[in-house]
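Chemist: This structure is in structure tokens; I'll ask about it shortly.
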Amino acid sequence: MGNADPQHRAGRGNRAVRRTGRRGGVLEVSVNTPSVVVLDYGSGNLRSAERALQRVGAAVEVTSDLAAARRCDGLVVPGVGAFAACMQALEDLGATSTIRDRLGESRPVLGICVGMQVLFDSGEEHGVPAKGLGLLPGEVRRLRADVLPHMGWNTVVPAEGSTLFAGIDPATRFYFVHSYAATGSDGLVSTGWHGERFVAAVERGPLSAVQFHPEKSGDVGAELLANWVCGLR
């Protein structure tokens, strides 16, 4: 359900977003903030994502209202748990067509964690494949690692020309918690390592997606989200 509090409504404000640097550990932004919807379909760290996006200057609404998801400047699809369950929840809400329509109109979408995984062709769950949105080529499968889940802080090798990772030190660590991942895709693919190389982020036109949790990655997560928000104008 959407939040009725007016301060959570996602409409373009009278400020415009621009990265201006960091002060006191918080990334500063200034004038013209785009509107962002964090899609509430029963999965994901909704309030953490809301707070992280507000921190970098976005006007954020957490809602299951598909009309709001269609009209906002940027749509965030979070996700935690099982691939098939998240796909089913998106389908039950009717959000799969909203996501496809936005991308067909070159309107930005950001997938986070399982919200990234469901963008791929399929995902393996307990050895049984589940169909994904098919917006990114490839399969999500269990990582071949001695220790699972992959939980904690790890580095990412940014793709050359990445917008999401612009200005971010490659030695910086992001917060991961997952046992499944894609191992290849099209577009600008940034990679991580846990037992094997996997897709940590993808940038493909209006579609961006990250396997880690920027909303739980402190200042560096805020910097990555600021890069995405600044690209919404």
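We did not get these values from a lab; they are worked out from the coordinates using the rules stated. These numbers were taken from a predicted model, which means no experiment stands behind them. FYI the Cβ positions are ideal-geometry reconstructions off the backbone, even for glycines, and counts take in every protein chain you see.
Chemist: Label points 7 Å out from Cα along the Cβ direction at VAL147 and HIS126: separation in nm?
Modeler: 2.7
Chemist: Something else about it: Quick one: Karplus J couplings for region 198-211, per residue in order, coefficients 6.51, -1.76, 1.60, θ = phi - 60°, nearest Hz, x for Gly and Pro?
Modeler: 9, 7, 8, 7, 9, 10, 9, x, x, 9, 10, 7, 9, 7
Chemist: SER179 to VAL80: extension gain in nm, 0.36 nm per residue of separation minus the Cα-Cα distance?
Modeler: That pair, SER179 and VAL80, stretches by 34.5 nm at full extension.
Chemist: Less than 14 Å Cβ to Cβ from SER190, Lys/Arg counted +1 and Asp/Glu -1: what total charge do the surrounding residues give?
Modeler: Local net charge: -1.
Chemist: Per-residue counts of other Cβ atoms within 10 Å, averaged by peptide: what ranking do you get for 37-44, 60-67, highest first?
Modeler: So the order, starting with the most tightly packed, is 37-44, 60-67.
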